[in-house]
Amino acid sequence: VGGFASYFPKQIAQAYNATTLYNTNISGSGQTIAIVIDTFPSTADLVSFWQAAGVSQSIGNIQFIQAVAGPLPQPSGEETLDVEWSSSIAPGAHVRVYAATDLASADLDQAYQQVYDDATNHPELGIHQMSMSYGEGESDLPGSQMQTDDQYFAELATAGVTVFASSGDGGSTPDNWGGETGPLQAESPASDP
């Protein structure tokens, strides 16, 4: 796009020295990656990405769990991107997308609870990773909400689930709209210890 070459999963894997894992048949097989987000990805975009990137992956390895009742928003791209890349870098893994209908704290908490329940009550699923690609400035969240989230993440860690969170798009001064005009602060949940 715009004269710049795109990086594909093979190039990213090579940059992070993951190709040696692939050469020894370590590809995520037996693992399930939980992705917590507001809605489900575009399956057509997933297939198109895998084909363009030369990734041997199928929709059959992706599961869609609606963690919160209600209408789901249309895909915006972030949810699709998360599934494309996680399923491509770990092509042997399954991916479970937990849709929370929006990114409100109470709804995200329900999704965290569902991931925890699935990880502890269904060990056969092999959920050992949870990814979240959203954030909000710490000063915009009540301390009680950050404590609640911290408790969920601690319980997930105790259950053997590694929690990954994006650091956000707002740099060191995130605002409520993904920009960089807010106060100097970290973004939650990435800032959670």
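The values are calculated or read from the model by the stated rules, or taken from the named source; none is laboratory data. Not measured: the values here are computed from a predicted model. FYI the Cβ positions are ideal-geometry reconstructions off the backbone, even for glycines, and counts take in every protein chain you see. Quick note on the areas: whole protein, heavy atoms, side chains included, nothing else; ligands and nucleic acids left out. Shrake-Rupley method; radii C 1.70, N 1.55, O 1.52, S 1.80 Å.
Of all the listed residues (65, 35), the sole one being β-branched (Val, Ile, Thr), modelled with pLDDT of 95 or more, surrounded by fewer than 19 Cβ atoms within 10 Å (Cβ to Cβ) and part of a strand (DSSP E or B) is 65.
Criterion applied to 76, 133, 105 was being within 30 Å of residue 183 (Cα to Cα), open to solvent by less than 30 Å² (accessible area, probe 1.4 Å), modelled with pLDDT under 95 and of a type outside the set (A, V, I, L, M), and the one residue passing it is 133. Across the range 7-32, the number of residues qualifying as assigned to a helix (DSSP H, G or I) and either over 27 Å from residue 98 (Cα atoms) or open to solvent by 50 Å² or more (accessible area, probe 1.4 Å) (or both) comes to 10. The condition of being open to solvent by 20 Å² or more (accessible area, probe 1.4 Å) and either over 15 Å from the mean Cα position of the chain (by Cα) or modelled with pLDDT under 95 (or both) does not hold for residue 114. Return the residues of the range 143-190 that are of a type in the set (Ser, Thr, Tyr) and within 25 Å of residue 96 (Cβ to Cβ); say none if nothing qualifies. Selection gives 148, 152, 158, 162, 166, 167, 188. Considering only residues of the range 39-56 that are open to solvent by less than 30 Å² (accessible area, probe 1.4 Å) and not hydroxyl-bearing (Ser, Thr, Tyr), which is nearest to the chain's Cα centre (by Cα)? Among those that are open to solvent by less than 30 Å² (accessible area, probe 1.4 Å) and not hydroxyl-bearing (Ser, Thr, Tyr), it is 41. Taking the range 172-193 as the range and being touching a residue at least 40 places away in the same chain (Cβ under 8 Å) and loosely packed, with under 13 Cβ neighbours inside 10 Å as the test, the residues that pass are 176, 183, 193. Residues of the range 81-99 include at least one that is open to solvent by 30 Å² or more (accessible area, probe 1.4 Å) and free of Cβ contacts under 8 Å to residues at least 60 places away in the same chain.
Is it the case that the range 48-59 has a residue that's of a type in the set (A, V, I, L, M, F, W, C) and part of a loop (DSSP other than H, G, I, E, B)? The answer is yes, given that some residue of the range 48-59 is of a type in the set (A, V, I, L, M, F, W, C) and part of a loop (DSSP other than H, G, I, E, B). Condition check for residue 157 on (1) in contact (Cβ under 8 Å) with a residue 24 or more places away in the chain; (2) more than 22 Å from residue 74 (Cα to Cα): one failure, at (1).
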